[in-house]
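As structure tokens, the structure follows; a few thoughts come after it.
The values are calculated or read from the model by the stated rules, or taken from the named source; none is laboratory data. Just so we're clear, the structure is a prediction, and the values are computed from it rather than from any experiment. Cβ placement follows ideal geometry from the backbone for every residue including glycine, while neighbour counts extend to all protein chains displayed. Side chains included, ligands, DNA and RNA excluded: accessible areas come from the protein's heavy atoms. Shrake-Rupley method; radii C 1.70, N 1.55, O 1.52, S 1.80 Å.
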Amino acid sequence: MSKDSKARFQKGKLLTFIPTGEYYFSKGLKAYHRRDFHKAKKYLQRAMQLEPGEPMIVCQLAVVHAEIGEHPESNRLLHLILEELDQEMVECHYFLANNYAHLGFFKDAYHHAKLYMEMEEDGEFAEDTEELLELLTLETDELDEELYEQDDLINKQEQARELLESGHFPKAVELLTSVIDEYPEYWSAYNNLALAYFYLGEVEKAADILAKVFEENPGNLHALCNKLVFSYYEGDYKEVHLLRDALKKIKPMSVEHQYKLGATFALIGEYELAFGWLRKLQKQGFDGDGPFYYWLSYSAYYSGLENLARSAWKKALEMNPDKAGFEPWNEERESINGFEDHYASIQKKLDSDHMEERLFALFLTAVSSKKNDLLSSANIKKNLKFSQLEKDYLAFVQSGNHTYYTSAAHDIAGLLYKNYRPVGTVEAGLYLMWFSAFVEMVKAGQKINNPQAHAGAVSYIWHKLRNDNVSQTEIAKNYGVSTSTLRKYIQSMNDYLH
């Protein structure tokens, strides 16, 4: 029997020693102190398998990964400790700061170094952390000339962000174009330029810019998130489904990327996914801006955490007082019957830059208990965004005068309303899907016959995209059409939802 087996005879009995996590942890530490890092890694991985919830083991393994240059894996383990095992294990912030510095993520390194000093001013690594902070200050002054030394670039990027947020899209395009001319590999400017063009309604230009980013900087997370947002607003639900599932698998370590993912998921209504990222950043001490707390509040509220949502909203209002009245609970809690009876929600949709949202708002106006107030509002009487199609629909809502298309649009939305009311956040997606398809049908000159079959087709596609367990037979019966007819209209409807 080998010596390493730790088996021995005693009083005629074979007593077998079964190694524990502590045993392998001890062996890993000894190998680490001998600087035999590969053996240390092997022992500590075995220790973690035996005791996966022990933060000391996980932390020591993270240190070993860092020693052999595996900084991303080290960071993953350190975040695991802070998020799931022991958020009071302050030294993890010191190790994270070092790792991010090695990877060149100086902002993240500085963030964790400052967190360590705030939480453990006289800690074991305080002196080393102070030296790291000094070094990071020098790094941001001297290294990466394009990003850290050029004040002009930083100022222009900030100006562009402010122009985008305030709706001055043509000026943002002009400024961002000049930034790209001067810094042709500064991908953040490309992503913001794509946003500016999209908000101006120049969808093809926005798509071309993203295509360039994907070609020359594959896997750019901001570009992927922007593409998801564009697809969402264009009603391309198949693309939304694919991109959402792809982004769910990404686990970025950068604070900036985590924020982008969280905000993007919130914007498309995937609130639980959004909350996971935004709450994680908040727990780590992220000092968010107004939009951060806005989306944190929304994602918390629709994840069932109302107290946290109200706390986050309070901070959002401190930074952006003009958001008063747009609280997430206003959209459903102040309106027992849903969006159709919530004046502020309909007003927001009437002011949207997207036709399908404005058409949806006009439908909500038609079925609202506040119809008269809405019809007399400036957002309806003086809405310069309305196309002729929307003006025709408004005339129908006001007086019942209708055209072929407005009658079809309203009849099908009305059939949906019989089955999906009141209209809450979830149901809103169904109506937006219908009006998105309707706009494309009008553009194509497509006749819209058999409203029951169209309503059934939209319902079925919406349920399937949500992974709901429904059958075509069930939907067909509900709308009074045959299964074969429903199948035919589903195929046709899919053509207008690409």
Largest first, how would 468, 122, 411, 495 line up by accessible area (1.4 Å probe)?
122, 495, 411, 468
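Reported to two decimal places, what Rg/Rh ratio describes the range 339-469 when computed on Cα atoms with Rh from the Kirkwood expression? Let's see the in-between values first.
Numbers: Rg = 13.9 Å, Rh = 14.8 Å.
Taking Rh as the inverse mean 1/r over Cα pairs, Rg/Rh reads 0.94.
At 1.4 Å probe size, with every protein chain present, just tell me what the per residue accessible area of the chain comes to in Å².
Values: 25570 Å² over 498 residues.
Accessible surface, normalised per residue, equals 51 Å².
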Gained length - residue 168 relative to residue 387, 0.36 nm times residue gap less alpha-carbon distance
76.7 nm
Spelling out what I want: for every residue of the range 291-304, take phi, set θ = phi - 60°, compute 6.51 cos²θ - 1.76 cosθ + 1.60 (Karplus), and round to whole Hz; glycine and proline get x.
x, 4, 6, 4, 6, 4, 4, 4, 5, 5, 4, 7, 9, x
How many nm separate the modelled label positions at residue 159 and residue 182, each set 7 Å beyond the Cα in the direction of the Cβ?
0.8
Asserting the computed 222 nm helical MRE of the chain (DSSP H runs at least 4 long, -39500 (n - 2.57) per run, divided by residue count, to nearest 500) equals -22000 deg cm²/dmol
Plugging the Cβ-Cβ distance of residue 307 and residue 207 into 1/(1 + (r/R0)^6) at R0 = 45 Å yields, to the nearest 0.05, a FRET efficiency of 0.60
To the nearest Å, what is the center-to-center distance of the range 431-491 and the range 97-118, using C-alpha atoms only?
52
Here are a few candidate values for semi-axes √(5λ) of the Cα gyration tensor in Å: (1) 37, 25, 20; (2) 37, 31, 23; (3) 51, 30, 21. Which one was actually calculated from the structure I just gave you?
(3)
Go through the range 407-418 residue by residue and turn each phi into a ³J(HN,Hα) via Karplus (6.51, -1.76, 1.60, θ = phi - 60°); whole Hz please, and just put x for glycine and proline.
5, 5, 4, 6, 4, 6, 4, x, 5, 4, 5, 5
At most 11 other C-beta atoms within 10 Å and a DSSP loop state: those are the exposed trypsin sites (Lys or Arg not before Pro) I care about. Give me the longest piece of the chain that has none.
36-248
Counting only protein heavy atoms, what percent of the accessible surface of the chain is carbon or sulfur at a 1.4 Å probe?
48
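If the only charges are +1 at each Lys and Arg Cβ and -1 at each Asp and Glu Cβ, what is the size of the charge dipole of the range 360-498 around the Cα centre, to the nearest 20 debye? Intermediate values should be presented prior to the final figure.
On the way: 15 positive and 9 negative charges, 28 e Å.
The dipole of the range 360-498 has a size of about 140 debye.
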DSSP-assigned coil residues among GluC sites (Glu not before Pro) in the range 165-239, each with at most 11 further Cβ atoms within 10 Å:
185
Ordered by residue, what ³J(HN,Hα) values in Hz, to whole numbers, does the range 253-259 give under the Karplus form 6.51 cos²θ - 1.76 cosθ + 1.60, where θ = phi - 60° and Gly and Pro are x?
9, 5, 4, 4, 5, 5, 5
Rough spin-label spacing in nm, given labels placed 7 Å along Cα→Cβ, for residue 127 and residue 404:
8.5
Simple spin-label estimate for residue 323 and residue 107 in nanometres, 7 Å along Cα-Cβ:
1.9
Pop the C-beta distance of residue 482 and residue 120 into the FRET formula with R0 = 56 Å and round what comes out to the nearest 0.05.
0.20
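List the relative contact order of the chain as a percent without decimals, with contacts defined as Cα pairs under 8 Å and 6+ residues apart. Walk me through the numbers on the way to the answer.
Working: 579 pairs, mean separation 32.3, N = 498.
Answer for the chain is 6 percent.
Quick one: length gained pulling residue 22 to residue 369 fully straight, 0.36 nm per residue minus the C-alpha distance? Walk me through the intermediate numbers first.
On the way: separation 347, 0.36 × 347 = 124.92 nm, distance 6.73 nm.
The residue 22-residue 369 span can extend by a further 118.2 nm.
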Just by accessible area at a 1.4 angstrom probe, what is the order of 169, 363 from largest to smallest?
169, 363
Along the charge dipole of the chain, pointing to its positive end and built from +1/-1 on Cβ of Lys, Arg, Asp and Glu, which listed residue (116, 172, 317) has its Cα farthest out?
317
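Go through 418/477; 205/227; 156/315; 382/443 and tell me which ones have a Cα-Cα distance over 18 Å in this structure.
Working: 418/477 14 Å; 205/227 13 Å; 156/315 27 Å; 382/443 25 Å.
From 418/477; 205/227; 156/315; 382/443, over 18 Å: 156/315; 382/443.
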Please name whichever of 379, 444, 393 sits farthest to the positive end of the charge dipole of the range 364-449, dipole taken about the Cα centre and charges placed at Cβ: Lys and Arg +1, Asp and Glu -1.
379
Given charges of +1 on the Cβ of Lys and Arg and -1 on the Cβ of Asp and Glu, with all other atoms neutral, how large is the dipole of the chain about its Cα centre, in debye to the nearest 20?
3260
If the cut-off is 28 Å between C-alpha atoms, which lysines fall inside it for residue 30, apart from same-chain ones fewer than 8 positions away?
3, 6, 39, 41, 42
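Given a Förster radius of 30 Å and the C-beta distance between residue 330 and residue 492 as r, what FRET efficiency does 1/(1 + (r/R0)^6) yield to the nearest 0.05?
On the way: r = 38 Å, r/R0 = 1.26.
After rounding to 0.05, the efficiency reads 0.20.
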